[in-house]
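Right, one structure below, let's go through it.
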Amino acid sequence: KGLRTSDAEYPLDALVFATGFDAMTGALDRVDIRGASGQRLSDVWQYGPATLLGVQTAGFPNLFMITGPGSPSVLSNMLQSIEQNAERITDLLKFVREHKHVSVEAQAGQQTAWMEYVAAMAETTLYTRCNSWYRGANIEGKPQVFSPCVGYNQYIEYCDEVAAAGYSGFDFG
């Protein structure tokens with residue numbers, strides 16, 4: 001419903017965090033984001049991030065990420081990726097409203113399949129064979145996982161298919 005502190009709850013439509021640079025996950029790991037069961041996002045991602053299309057993580061309904069892990073983000077024109085994600089999330093929210101749902105979240109199985117696809121595509125490149133910030137090598141103790149989606153056009157096609165199929169891969173409440 002909003003932001004809750006030890007003193008009060010503040011109703012909000014949106015909350016934006018700007019927390020600094022740690023590629024792909026840092027901005028989200030530094031915030032105590034809790035899922036539907038109270039689980040911490042940073043704990044769920046302790047071995048590496050998992051999302052569906054880089055926009056949602058299973059167990060965290062109505063939490064949307066722009067250019068998150070599993071999206072082309074840092075491998076594409078970032079502004080174009082941001083616009084694409086924002087438009088897709090807007091369309092998804094319109095679908096939620098039109099169908100009188102109150103929540104949406106990634107299905108765990110589809111999320112796993114998506115991240116397996118992202119990993120398989122990454123293996124066709126040299127990105128997975130070097131130590132770089134793409135894999136989190138610049139952050140001590142961070143899991144070495146390459147999480148951007150290689151192939152912007154393939155990503156767009158997949159997003160189009162998901163939308164055309166009534167947002168298959170997402171659960172609605």
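The values are calculated or read from the model by the stated rules, or taken from the named source; none is laboratory data. In this text, all values refer to a predicted model and were calculated from it rather than measured experimentally. Note that each Cβ is placed from the backbone with ideal geometry, even for glycine, and that neighbours are counted across all protein chains shown. Please note that ligands, DNA and RNA were not included when accessible areas were found on the heavy atoms of the full protein model with its side chains. Shrake-Rupley method; radii C 1.70, N 1.55, O 1.52, S 1.80 Å.
Taking all protein chains together and a 1.4 Å probe, the residues 64, 146 rank 64, 146 from largest to smallest accessible area.
Between residue 77 and residue 127, the distance separating the two model label sites (each 7 Å from Cα on the Cα→Cβ line) works out to 1.9 nm. Averaging the sequence gap over all C-alpha pairs within less than 8 Å and six or more residues apart, then dividing by the number of residues, gives segment 15-90 a relative contact order of 20 percent.
Would you mind classifying the chain by shape? Square roots of the alpha carbon gyration tensor eigenvalues, ordered a ≥ b ≥ c; an a/c under 1.5 is rounded, otherwise it is prolate if a/b is larger than b/c and oblate if not. Oblate, because a/c is 1.5 or more while a/b does not exceed b/c. Couplings 3J(HN,Hα) of segment 73-83, computed from phi: 4, 5, 9, 10, 5, 4, 4, 5, 5, 4, 4 Hz, in residue order, whole Hz [Karplus 6.51 cos²θ - 1.76 cosθ + 1.60, θ = phi - 60°; x for Gly and Pro]. Straight-line cross-link partners of residue 100 among the aspartates and glutamates, defined as a Cα under 15 Å from its Cα and at least 8 positions apart when in the same chain: 91, 171. Dipole magnitude for the chain: about 220 debye, using +1 per Lys or Arg Cβ and -1 per Asp or Glu Cβ, origin at the Cα centre.
D by Stokes-Einstein for segment 72-173, Kirkwood Rh over Cα pairs, 10 °C, 1.306 mPa s: 104 µm²/s. Look at the alpha carbon pairs under 8 Å that are at least 6 residues apart: their mean separation over the length of the chain gives a relative contact order of 23 percent. Segment residue 86..residue 1, full-extension length gain: 28.5 nm, with 0.36 nm per residue of separation and the alpha-carbon distance subtracted.
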